[in-house]
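To start, the structure itself, in structure tokens.
The values are calculated or read from the model by the stated rules, or taken from the named source; none is laboratory data. Bear in mind the structure is a predicted one, so any value in this text is a computation, not a measurement. Backbone-built Cβ (ideal geometry, glycine too); neighbour counts: all protein chains shown. With ligands, DNA and RNA removed, areas are computed over all heavy atoms of the protein, side chains included. Shrake-Rupley method; radii C 1.70, N 1.55, O 1.52, S 1.80 Å.
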Amino acid sequence: MDTFSTMIIEAVDKIKNAVVKIDVYKTVKGKLRPAGSGSGFIFSSDGLVFTNCHVIEGAEKIMVSLLDENEIEATLIGKDPDTDLAILKIYAHGYSVARLGDASLLQIGQFVIAIGNPYGYQHTVTTGVVSALGRTLQTQSGRLVDNVIRTDAAPNPGNSGGPMITTDGEVIGVRRNVAAGVQQ
């Protein structure tokens with residue numbers, strides 16, 4: 001196997017058990033029904049999960065699926081629509097925790113890997129390079145978010161909230177798909 005493939009496989013292997021699928025449910029015509037899905041990752045040993053705020057927006061019930069397909073109901077701990085981040089909590093045992101890296105060490109041209117759950121399929125991997133650092137993004141509310149990382153790793157619906165990692169398997173960002181295929 002080639003060196004590049006081995007590097008990607010090893011990085012994904014370090015984090016794959018911390019990446020989760022998130023399903024949201026809302027009441028429609030008096031019944032709780034599936035209303036969308038996204039991605040997230042466990043970042044603390046006490047079961048805290050990062051995702052995007054838009055993934056869980058308006059949810060009446062949030063379910064988190066681990067790689068082993070164990071499904072756990074999550075509690076919303078907090079959300080910030082201006083930065084499109086949310087934190088969930090799961091009460092379970094036996095999960096893995098993602099290792100957080102230092103995004104300030106990134107360089108333009110560096111390989112990055114995105115892991116997510118597009119179209120409900122768990123653990124889809126895309127790769128790309130850091131195309132820009134330190135950019136500013138205007139949110140839907142008009143707020144400016146600084147220090148955005150841009151990459152050309154292919155976006156797919158359902159990847160939002162998943163981790164963006166280095167080839168060392170360390171999380172350096174939370175995946176967010178925005179207009180015109182630009183991500184951070």
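Answer yes or no: is there a residue in region 130-141 that is assigned to a helix (DSSP H, G or I) and at pLDDT 90 or above.
Scanning region 130-141, I find no residue that is assigned to a helix (DSSP H, G or I) and at pLDDT 90 or above, so the answer is no.
Do any residues in region 21-34 that are free of Cβ contacts under 8 Å to residues at least 40 places away in the same chain have Cβ atoms under 7 Å from those of residues that are open to solvent by 70 Å² or more (accessible area, probe 1.4 Å) and outside any strand (DSSP E or B), where the two are at least six apart or on different chains, and which pairs are they?
25/60; 26/60; 27/60; 32/60
Does residue 103 satisfy the criteria of being open to solvent by 50 Å² or more (accessible area, probe 1.4 Å), over 22 Å from residue 56 (Cβ atoms) and either among the small types (Gly, Ala, Ser) or modelled with pLDDT under 80 (or both)?
no
Give me a count of the residues in region 87-103 that are touching a residue at least 40 places away in the same chain (Cβ under 8 Å) and closer than 23 Å to residue 35 by Cα.
Looking only at that region, the number is 4.
Taking region 89-116 on its own, how many of its residues are under 17 Å from residue 43 (Cβ atoms) and not in a strand (DSSP E or B)?
The qualifying residues number 11.
With the requirement that a residue be under 16 Å from the mean Cα position of the chain (by Cα) and on the phi > 0 side of the Ramachandran plot, what does region 79-99 give you?
If the condition is that a residue be under 16 Å from the mean Cα position of the chain (by Cα) and on the phi > 0 side of the Ramachandran plot, then 84 is the only one that fits.
Given the options 145, 125, name the one that is within 18 Å of residue 51 (Cα to Cα), modelled with pLDDT under 80 and in a strand (DSSP E or B).
145
Tell me, which strands (runs of 3 or more DSSP E) wholly within region 1-58 include 3 or more residues that are among the β-branched types (Val, Ile, Thr) and either more than 15 Å from residue 96 (Cβ to Cβ) or open to solvent by 70 Å² or more (accessible area, probe 1.4 Å) (or both)?
Fully inside region 1-58 and qualifying: 19-28.
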